[in-house]
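This report concerns only the one structure given below.
FYI, it's all coordinate maths here, none of it is from the lab. As the structure is a computational prediction, the values presented were derived from the model and not from experiment. All Cβ positions, even for glycine, are placed from backbone atoms using ideal geometry, and neighbour counts span all protein chains on display.
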Amino acid sequence: MSYRIEFVRSAAKAYARLDPTLQRRVDRELTRLGETPRHPGVIRLQSDDELYRVRIGDLRLLFSVEDQILLVLIVKIGHRGSVYRA
């Protein structure tokens with residue numbers, strides 16, 4: 001069973017603005033998340049039980065997992081210093 005990957009509009013825009021080499025790194029991680037959304041590199045955020053993060057160099061990918069419908073929803077993509085701000 002593989003999970004479907006979807007982006008929130010703002011995350012899709014942030015992804016489109018990334019350098020092509022960073023996009024390829026994010027693509028590799030998205031493929032991995034589609035197979036196993038809670039692999040050992042994934043950490044659940046303490047502030048919110050529904051959000052997880054994965055590190056890709058200086059980037060952070062914030063996402064939620066909907067197991068009932070096999071969906072990984074990418075909520076935010078950004079630099080590690082600014083991605084956690086509301």
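For n ≥ 4 DSSP H runs only, could you compute -39500 (n - 2.57) per run for the chain, divide by its residues and tell me the 222 nm figure to the nearest 500?
Helix contribution divided over all residues of the chain: -9000 deg cm²/dmol.
List the GluC sites (Glu not before Pro) within the range 23-84 that fall in a DSSP loop (any state other than H, G, I, E or B) and whose Cβ has at most 15 other Cβ atoms within 10 Å.
Passing both the DSSP loop test and the Cβ count: 50.
Could you tell me which chymotrypsin sites (Phe, Trp or Tyr not before Pro) in the range 40-85 are loop residues by DSSP with no more than 16 other beta carbons within 10 angstrom of their beta carbon?
84
Which residue, 40, 10, 20, has the largest displacement toward the positive end of the dipole of the chain when charges sit on each Cβ (Lys, Arg +1; Asp, Glu -1)?
20
For the range 42-86, give the magnitude of the charge dipole about the Cα centre (Cβ charges: +1 Lys/Arg, -1 Asp/Glu; no others), in debye to the nearest 20.
340
Using θ = phi - 60° and the Karplus relation 6.51 cos²θ - 1.76 cosθ + 1.60, list the HN-Hα couplings for the range 17-22 in order, rounded to whole Hz, with x at every Gly or Pro.
7, 6, 4, x, 5, 5
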